[in-house]
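Before I ask anything, here is the structure I am working with.
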Amino acid sequence: MKTILLPYGKEKIPITIPQKNLLKICLLKEIPGVKDNIKTIKEAIKNPIGSPTIPKIAQGKCNAVVICTDTTRPTLDKLLIPPILDELNKGKILDENIKVIIALGQHKKMTEEEVKEKVGEEVFNRVKINQHNPDNNLFYLGKSERGNELWVNKDVAHADVKISTGNIVPHRYAGYGGGAKSILPGISSRETIGYNHLYVETGEAALGKIQGNPVREEMEEAAKMIGLDLIVNTVMNDKNEIVKVVAGNPVKAHRIGVEICKEIYGVKIPEKADIVIASSYPMDINFYQASKGFAAVGHIIRDNSTIIMVSPCHEGVGGNDFLDYLKEKTPEDIIKSIKIHKERNVIEGVISYLIAKCKEKAKIYLVSEGISNKEVKKMGMFPAKSAQFVLDNILLRYGDHAKILVLPTASITFPILE
């Protein structure tokens, strides 16, 4: 028997698994952070990949925007933005002609204190800062190859120089975060974001997938159409320490970051599992965050499998529309519901669709003190008090040959089928 401690908020839940059934424990590779963040950032910016330097890009230009992430992302923008501004100054673009645009996408507006904390005191007092609004101040770029009408932030569209920050992590339907994601969804309209995210219906938009992923491909098409000059992206370890900074061409630099990201978050597994035991840690404040764990397991479960998810979700479900979407009977019904109810949050709909795809192949048991049994049942899942109790009972049904996979940090793990 093998006893594993599963993270559950600040606690650990022990679960004992018969050794003969244990396929693998998916642990992330421990890669230390760099010794000097500032030095690493400046070196990356001064040696861009597949792109001229910022002063050369800025030469002869009048103004610039720096697009940064919001509070939902761990990107260390307060460290990334000052050296970008310095390089723009070297290219003769003054601070008074530079704007920082916070790429909110459809996220809620940040408070002044949150903005100050995100960009840092120096940047806050140095340049003008605007927050993107997906419903106002928009410019029509044109149609994408797939027919999406690309409406984007007007200030970004009209700027002479466009630079964005970001952080590269596995993403449930864009393949990876970072890169062109700063443009779409970052500074795009609500309708443009919704149209793009519904490509999940093709089955080609998936965790860790870039080639042939319509969501990612259209993001990069939009970035090219708007003229994104350069990205400055971090790759961080699971402790949110910078491991690598990539700067340069929005596609070429991003791809180099993706390879490093795979080394940290990618875990090879030999075969699909009958039972997946997953903790959503470190994304476990609510079900909206915890649901990222399902993206990691959808492609590694067999038909008629079981998922046991543990997550405290102390702030409850976390999304106003989750319950409405998840009570739909099939993934196709969820897509219909998204298209009919345009007033609802499309991202919650897309996440619900991906969970529903898991439910087609697996029974999902949720161990969570923050979500009531009634809510769990409404979402089409089974409430459970104990992961061990569920496992012991279902093993009787699966028998001696059941394969069990354990993901202690499912929300940030990218299992790769060998």
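The values are calculated or read from the model by the stated rules, or taken from the named source; none is laboratory data. These numbers were taken from a predicted model, which means no experiment stands behind them. We place every Cβ from the backbone using ideal geometry, glycine too, and count neighbours over all the protein chains shown. Each accessible area value is taken on the protein alone, full model and side chains, heavy atoms only, with ligands, DNA and RNA left out. Shrake-Rupley method; radii C 1.70, N 1.55, O 1.52, S 1.80 Å.
Taking θ as phi - 60°, what are the ³J(HN,Hα) couplings along the range 57-68 by the Karplus curve (6.51, -1.76, 1.60), each to the nearest whole Hz, with x for Gly and Pro?
Along the range 57-68, the couplings run 4, 7, 4, x, 9, 9, 8, 8, 10, 10, 9, 10 Hz.
How do the peptides 299-311, 111-123 rank, highest first, by the average count of neighbouring beta carbon atoms within 10 Å per residue? Could the numbers behind the result be given before it?
Details: 299-311: 21.2, 111-123: 15.8.
The most tightly packed comes first, giving 299-311, 111-123.
Sorted from largest down, what three extents in whole angstroms do the Cα atoms of the chain have along their principal axes?
For the chain, the Cα extents along the three principal axes come out at 72, 49, 38 Å.
If you only keep lysine pairs separated by 8 or more in sequence, or across chains, how many in the range 75-133 come under 30 Å at the Cα atoms?
Summing the qualifying lysine pairs gives 27.
Which of Ile404, Ile101, Ile25 moves most in a GNM of the chain, Cα contacts under 10 Å?
Result: Ile25 has the largest fluctuation of those listed.
Find how many whole Å separate the alpha carbon centroid of the range 125-157 from the alpha carbon centroid of the range 264-329.
Using only Cα atoms, the two centres lie 32 Å from each other.
Still on this structure, I have one more. Using the per-residue mean of other Cβ atoms lying within 10 Å as a proxy for protection, in what order, highest first, do the peptides 12-18, 129-135 fall?
129-135, 12-18
If I take every Cα pair under 8 Å that is 6 or more residues apart in the chain, average their sequence separation and divide by the length, what percent do I get for the relative contact order?
It comes to 19 percent, rounded to a whole number.
Which one, Leu141, Gln131, His158, projects farthest toward the positive side of the charge dipole computed for the chain from Cβ point charges (K/R +1, D/E -1)?
Final value for the positive-end residue is Leu141.
Something else now. How much area per residue is accessible in the chain when the probe is 1.4 Å and only protein heavy atoms are counted (Å²)? Spell out each step's value before the answer.
On the way: 18130 Å² over 418 residues.
So the chain comes to 43 Å² accessible per residue, rounded to a whole number.
Using just the helices of the chain, give the 222 nm mean residue ellipticity in deg cm²/dmol: DSSP H runs with n ≥ 4 each add -39,500 (n - 2.57), and the total is spread over all residues, rounded to 500.
Only helices count here, giving -9500 deg cm²/dmol.
Please compute the volume of the convex hull spanned by the alpha-carbon atoms of the range 310-361 and report it per residue in Å³.
Expressed per residue, the convex hull around the Cα atoms of the range 310-361 is 73 Å³.
Then there is this: At 1.4 Å probe size, with the rest of the protein present, what percent of the exposed accessible area of the chain is carbon and sulfur atoms?
Ligands and nucleic acids excluded, carbon and sulfur give 50 percent.
I've got another one for you. Rg and Dmax of the range 151-265 over Cα atoms: what are they, in angstrom?
Computed over the Cα atoms of the range 151-265, radius of gyration and Dmax are 13.6, 38 Å.
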